[in-house]
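J.: Questions regarding the structure given below will be posed in turn.
Any read-out appearing in this document is the output of simple, stated calculations on the displayed coordinates, not a laboratory observation. This structure is a prediction, so every number in the text was calculated from the model and none was measured. We place every Cβ from the backbone using ideal geometry, glycine too, and count neighbours over all the protein chains shown.
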Amino acid sequence: MTATDIHRAIEAVWRIESARLIAGLARIVRDVGVAEELAQDALVAALEQWPESGVPRNPGAWLMAAGKNRAIDHLRRNKRIERKHEEIGIELEARQMAVPEVEAALDDPVGDDLLRLVFTACHPVLPPEARVALTLRMLGGLTTGEIARAFLVTESTVAQRIVRAKRTLAEKQVPFEVPRGEELAARLTSVIEVIYLIFNEGYAATAGDDWMRPGLCDDALRLGRILAELAPQEPEVHGLVAMMELQASRGRARVGPKGEPVLLYEQNRSLWDQLLIRRGLAALDRAYKLGEAQDGDVGPYVLQASIAACHARARTPEQTDWRRIAMLYRELVRLQPSPVVELNRAVAVGMAFGPAAGLELVDALSAANALENYHLLPSVRADFLMKLGRMDEARLELERAVSLAQNGREKALLVERVQKCAASTS
């Protein structure tokens with residue numbers, strides 16, 4: 001292998017193994033920031049040694065062994081631990097026990113470590129944007145530059161978020177553990193929310209020149225699948241995975257040959273990924289069965305997956321069960337009151353019962369000023385107005401949507417709609 005090939009192999013191994021490596025080390029040193037530094041040291045060792053020795057047969061185990069040695073060195077250098085040992089008079093014994101204790105801890109099932117890392121990176125003590133950045137760094141294996149490009153912020157901003165997050169976790173002495181009881185439910189909600197936010201930004205970018213960012217969707221799916229393996233009895237986890245699988249199945253059909261957006265009704269459904277659809281429907285079925293076996297309630301992520309399933313099961317746009325979708329959105333509004341969800345319900349109601357019914361709901365949202373600066377509100381309103389033949393009003397709404405849109409591809413699509421609307425009235 002050439003040096004370039006080896007460096008590519010190291011990058012690939014790091015992307016796959018970094019989360020497990022950091023998780024294993026974090027349980028030993030009890031500090032996520034220190035664990036990442038130790039893991040990075042192991043990566044540097046690989047970059048130095050593998051070009052000469054070659055890529056080992058089990059590169060993940062090699063990195064873990066290198067990280068383990070650095071964890072042992074860290075414990076030996078830890079002056080606070082040494083002082084504590086001196087105070088209680090067992091320093092020598094502790095030093096003799098340090099290595100086997102680390103060995104045993106690192107040999108524990110890695111799944112437990114990953115679950116601890118997920119809950120630590122998504123701890124509610126951190127602001128949402130910090131949770132997203134830290135999760136993508138620790139579990140997604142992304143660099144600060146990759147995260148910055150994905151969310152259209154500067155690399156220094158991402159770096160500061162990650163540094164502050166690590167500092168906060170250390171200062172608050174957040175334990176590296178899976179919470180229990182009520183705290184588990186609260187923390188799991190945070191974990192799911194972070195993965196959901198990552199997926200949504202990949203599926204429909206809020207700004208920039210790309211309509212989608214498939215890499216973020218892939219990262220969110222990978223994180224969701226890991227979480228489903230680590231928390232197999234949680235219906236909402238499987239609901240989240242189901243929703244992402246089903247939404248991601250439309251990826252190839254959502255973007256045209258020039259990168260332009262292709263809306264749902266105009267998509268070539270033969271391009272939908274049937275494997276992802278089958279996986280999504282299976283995950284949704286599992287979520288419902290788990291829910292029935294527990295308390296029978298359906299959570300918001302299971303509802304969103306159910307909505308996506310209605311689209312996935314429709315072979316043509318006309319076969320879409322919009323009445324069921326409207327009903328599911330009504331239930332989602334009950335569980336998660338939100339003007340954005342209300343807007344989505346208005347779309348479904350308009351498709352199921354006619355544009356006048358949908359427009360009535362949109363007008364109520366407009367009157368409440370809940371989505372005053374949200375470009376999709378005038379866009380949806382314009383669609384209903386066009387179907388009702390009120391073209392002049394529709395054009396004004398579309399022009400407002402253009403002024404509010406931040407994504408370049410979406411803005412171009414809205415401009416095209418303005419031009420078509422204007423042409424129909426001339």
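J.: Between the range 354-405 and the range 218-270, how many Å separate their Cα centres?
T.: First find each Cα centre; the distance between them is then 28 Å.
J.: So how tilted is helix 214-230 from the main axis of the chain? Cα-based, degrees 0 to 90, rounded to 10.
T.: 60 degrees
J.: Grab the Cα-Cα distance for VAL415 and GLU393, subtract it from 0.36 nm times how many residues apart they are, and report the gain in nm with one decimal.
T.: Full extension from VAL415 to GLU393 adds 6.4 nm.
J.: Still on this structure, please answer the following. To make sure I understand, if each residue's beta carbon is the centre and we count other beta carbons within 10 Å, what order do ARG225, ARG70 fall in, fewest to most?
T.: Placing the least packed residue first, the sequence is ARG225, ARG70.
J.: Kirkwood Rh and Cα-based Rg: tell me the resulting Rg over Rh for the chain, rounded to two decimals.
T.: Ratio value, two decimals: 1.04.
J.: Given R₀ = 25 Å, what would the calculated FRET efficiency be for ASN268 paired with SER424, taking r from the Cβ atoms and rounding to 0.05?
T.: The computed FRET efficiency comes out at 0.45.
J.: Considering every Cα-Cα pair within the range 214-313, what fraction, in whole percent, is farther apart than 15 Å?
T.: For the range 214-313, the fraction of Cα-Cα distances above 15 Å is 60 percent.
J.: Of all the stretches in the chain, which is the longest one without any exposed loop site, taking GluC sites (Glu not before Pro) in a DSSP loop (any state but H, G, I, E, B) with at most 16 other Cβ atoms within 10 Å?
T.: Within the chain, the longest run free of exposed GluC sites (Glu not before Pro) spans 178-371.
J.: Loop only by DSSP, 11 or fewer other Cβ within 10 Å of the Cβ. Give me the trypsin sites (Lys or Arg not before Pro) in the range 330-426 that pass, ordered by residue number.
T.: none
J.: With axes computed from alpha carbons, what is the tilt in degrees of helix 322-335 against the longest principal axis of the chain, rounded to the nearest 10 within 0 to 90?
T.: Tilt of helix 322-335: around 50 degrees.
J.: Under the 0.36 nm per residue contour assumption, what length would be gained going from the current alpha-carbon distance of ARG313 and ASP285 to full extension?
T.: That works out to 8.7 nm of additional length.
J.: Relative to the longest principal axis of the C-alpha atoms of the chain, give the angle of the C-alpha long axis of helix 235-248, reported between 0 and 90° and rounded to the nearest 10°.
T.: On a 0 to 90 degree scale, this one is about 60.
J.: Moving to a separate point now. With label points built 7 Å along Cα→Cβ from the Cα atoms of ALA204 and THR168, find their separation and express it in nm.
T.: 2.7 nm
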